[in-house]
Amino acid sequence: MLKLENVTVCYGATVAVDNVSMDVNEGEFVTLIGANGAGKSTTLRAISGLEPVRSGRILFEGDPIQNAAPQDIIRLGIAHCPEGRRVFPQLTVRENLEMGAFRRYDRQGIKADIDRMLGMFPRLAERIRQSAGTLSGGEQQMLAIARALMSRPRLVMFDEPSLGLAPNFVEQVFKLVSEICEGGTTVLMVEQNAYAALELCDRSYLLSTGEVMLSGTAEEMLANPDIRRIYLGGE
Ligand code: ATP
């Protein structure tokens with residue numbers, strides 16, 4: 001479904017993503033793991049058209065999309081739930097959800113999807129008329145996830161959706177992401193907690209200083225001695 005071929009992304013002289021190749025197949029739950037600054041967020045931003053690709057190709061359903069405009073990438077069915085719950089704080093919960101459907105014109109479908117999101121996220125239903133800025137961190141993250149789903153994506157990318165959340169919310173968010181994937185949406189998720197990511201996903205890529213160091217199924221990655229030593233705190 002999504003294929004990166006030798007993708008390089010730079011910030012000035014800094015190479016943030018270095019010759020990265022990866023695949024995400026339809027229906028899969030794939031994670032990108034690795035330390036702070038490894039290039040995980042930049043990889044998602046390049047896929048979304050938010051950072052220019054210096055070299056290499058990004059293919060979606062076989063068509064090159066690298067350096068396409070972000071709104072065209074959303075239209076193709078790729079949604080991006082960025083790091084740091086960037087909800088619109090002055091807008092209400094409902095308005096935030098409507099913003100997620102800004103490329104759509106099917107009013108009935110949008111209404112039905114808002115109802116579906118409120119069913120999935122009862123806490124948002126209780127706060128539908130509140131401005132998003134007044135929600136707790138966990139609720140804002142729920143809203144950011146729901147908003148990303150409002151574009152009816154085929155592939156949804158989450159950037160550290162658990163960051164800064166209380167442990168009970170972290171569990172809830174991970175459960176939701178798994179359910180989204182089980183519902184048929186392909187998921188690519190960035191997660192710094194390697195263990196949590198590998199417990200959830202089908203396959204994973206480990207990035208280190210912009211390069212893919214390792215990749216494999218979650219089982220293979222969990223069993224890898226280097227991963228165990230460096231990222232899982234084992235022997
Ligand atoms: P994090 O978990 O901190 O988000 P990450 O793995 O997602 O880490 P990136 O945010 O993609 O890593 O950063 C990769 C590299 O690019 C880092 O060296 C970072 O300092 C640099 N970088 C990221 N954003 C910018 C920017 N806007 N301008 C300049 N350099 C940047």
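Throughout, read-outs are computed from the coordinates displayed, never taken from laboratory work. None of the values given here were measured: they were computed from a predicted structure. Heads up, the Cβs are rebuilt from the backbone with ideal geometry, glycines too, and the neighbour counts pull from every protein chain shown.
Quick notes on this one:
- A cut-off under 15 angstrom between Cβ atoms defines the neighbours of residue 212, and their net charge, with Lys, Arg +1 and Asp, Glu -1, is -3.
- Taken about its Cα centre, the range 50-180 carries a charge dipole of roughly 300 debye when the Cβ of each Lys and Arg holds +1 and the Cβ of each Asp and Glu holds -1.
- Measuring nothing but how far apart in sequence close Cα pairs (under 8 Å, 6+ apart) lie, relative to its length, the chain scores a relative contact order of 27 percent.
- Averaged over residues, the count of other Cβ atoms within 10 Å places the peptides 12-20, 187-195, 78-86 in the sequence 187-195, 78-86, 12-20, highest first.
- The Cβ shell under 12 Å around residue 16 holds other residues with a net charge of 0, Lys and Arg each +1, Asp and Glu each -1.
- Net charge of Cβ neighbours under 12 Å - reference residue 125; Lys, Arg +1; Asp, Glu -1: +2
- Under the criterion of Cα pairs below 8 Å and six or more residues apart, the relative contact order for the range 1-137 equals 21 percent.
- Note on the chain: GNM, Cα springs under 10 Å; of 58, 110, 47, the largest mean-square fluctuation is that of 110.
- Estimated dipole of the range 2-232 in Debye, rounded to 20 [Cβ of Lys and Arg +1, of Asp and Glu -1, Cα centre]: 800 debye
- 0 to 90° range, to nearest 10: angle between helix 107-120 axis and the chain longest Cα axis: 70 degrees
- Proximal aspartates and glutamates to residue 175, defined as alpha-carbon separation beneath 16 angstrom and excluding residues fewer than eight positions away on the same chain: 28, 139, 159, 160, 191, 199, 202
- Straight-line cross-link partners of residue 3 among the lysines, defined as a Cα under 21 Å from its Cα and at least 8 positions apart when in the same chain: 40.
- Helix 167-182 vs. the chain, principal-axis angle (Cα, 0 to 90°, nearest 10): 90 degrees
- Sorting the segments 207-220, 152-165 by their mean number of nearby beta carbons within 10 angstrom, highest to lowest, gives 152-165, 207-220.
- Centre separation in Å (Cα based) which lies between the range 62-111 and the range 8-52: 20 Å
- Sum of -39500 (n - 2.57) over DSSP H runs of 4+, divided by residues of the chain (222 nm, nearest 500): -11000 deg cm²/dmol
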